[in-house]
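Here's the structure, in structure tokens; my notes come after.
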Amino acid sequence: MQLTLFHLPNSRSQRIIWLLEELNLTYQLVFCETKADGQITDDLKLIHELGKAPILVIEEYKNLERIVLAETSAITDFLSHRFPRIGLRDLSSAEQLHYFYWKNFAEASLMPNIVQKQVFAQIVARTPFPLGFITRAIKYGVDRAYLNMALEQQLFLINRQLINYPWIAGSEFTVADILLWFPLQACVQANPEFAKFEHIQHYLNEIKSRPAFQNALAKGNWSTLDYQTYWSKAW
């Protein structure tokens, strides 16, 4: 089986590099070309019509010549099923329930709230004078009425889960940890107030100490400064 990953630095596709490193798989890494505004060029649509990273191309898999997988969750589901050692294999029944919940929580609950904050921030930044005060007022209202409170509650929930467990599903490191890292790191780095969640801080430090994580950052051209600068704008 041959694997080719199309990757955009400092994006959610960083997690797929990390997963491939944890699984110790051989793969080719292709960096997506970007326009002046940082968006991916249309060339990637030749691989998948939506043209979004990550995209994993799988060749010589069973009787299929070529499979093109997009979406982080779909890719992680495939790889964790094909190579189950950081999936469900070593989990107890209770930990399996945690695994299913947190794996989906990361992409379905936490990430959308952060993205909404970023979208409103981008709208404010791109609104021409003298209309900027209108979009700033809308962002302030949405943040105060919903998004800030929702994120506070979500991080409280994560922090509480980590009081009794070293990893989000329990005693074993799993794909759920890989999926949760990106939005959780975005929150903690962007908003200093979230430093109060000490179990989350310890959890993120444990992630940083993993050799596969460190290898993935190096291979993916990760920039902590660029990442923090981008997500800080959401607040």
Checklist entry - Within segment 122-139, is there a residue that is closer than 23 Å to residue 21 by Cα and aromatic (Phe, Trp, Tyr)? => result no
Checklist entry - Taking segment 164-187 on its own, how many of its residues are within 19 Å of the chain's Cα centre (by Cα), surrounded by 20 or more Cβ atoms within 10 Å (Cβ to Cβ) and not aromatic (Phe, Trp, Tyr)? => result 13
Item to check | Out of 41, 76, sole residue that is within 12 Å of residue 174 (Cβ to Cβ) and assigned by TED's automatic domain parsing to the domain that holds residue 21 | outcome: 76
Next on the checklist: Name the single residue that is surrounded by the most Cβ atoms within 10 Å (Cβ to Cβ) among those in segment 135-156 being farther than 26 Å from residue 203 by Cβ and among the charged types (D, E, K, R).
Outcome noted: 139
Next on the checklist: Take the residues in segment 122-163 that are at pLDDT below 95 and among the basic types (Lys, Arg); name whichever of them is farthest from the chain's Cα centre (by Cα).
Outcome noted: 136
Next on the checklist: Which of the numbered conditions does residue 69 fail, given that it passes all the others? Conditions: (1) assigned by TED's automatic domain parsing to the domain that holds residue 169; (2) in contact with a strand residue (DSSP E or B) (Cβ under 8 Å, 6 or more places away or on another chain).
Outcome noted: (1)
Checklist entry - What's the number of the condition residue 124 fails, among (1) surrounded by 13 or more Cβ atoms within 10 Å (Cβ to Cβ); (2) out of contact with any Gly (no Cβ under 9 Å at 6 or more places or on another chain)? => result (2)
Item to check | Conditions (1) over 26 Å from residue 82 (Cα atoms); (2) basic (Lys, Arg); (3) in contact (Cβ under 8 Å) with a residue 24 or more places away in the chain; number of the one not met by residue 45 | outcome: (3)
Checklist entry - So residue 91 clears everything in (1) surrounded by fewer than 20 Cβ atoms within 10 Å (Cβ to Cβ); (2) under 19 Å from residue 2 (Cβ atoms); (3) hydrophobic (A, V, I, L, M, F, W, C) except one condition, right? Which one? => result (2)
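Can you tell which of 39, 118, 14 is free of Cβ contacts under 8 Å to residues at least 40 places away in the same chain, on the phi < 0 side of the Ramachandran plot, out of contact with any Asp or Glu (no Cβ under 6 Å at 6 or more places or on another chain) and of a type in the set (S, T, N, Q)?
Answer to the selection: 39.
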Checklist entry - For segment 164-235, which helices (runs of 4 or more DSSP H) that fit wholly inside it have 1 or more residues that are at pLDDT 95 or above and either in contact with a Pro (Cβ under 8 Å, 6 or more places away or on another chain) or not acidic (Asp, Glu) (or both)? => result 175-190, 198-208, 211-219
Checklist outcome for this item: Within segment 156-182, the residues that are in contact with a Ser or Thr (Cβ under 9 Å, 6 or more places away or on another chain) and under 21 Å from residue 229 (Cβ atoms) are 182
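The values are calculated or read from the model by the stated rules, or taken from the named source; none is laboratory data. Predicted model, so just to flag it, every value in this text is computed and none were measured. Virtual Cβ from ideal backbone geometry, glycine too; neighbours counted across all protein chains shown.
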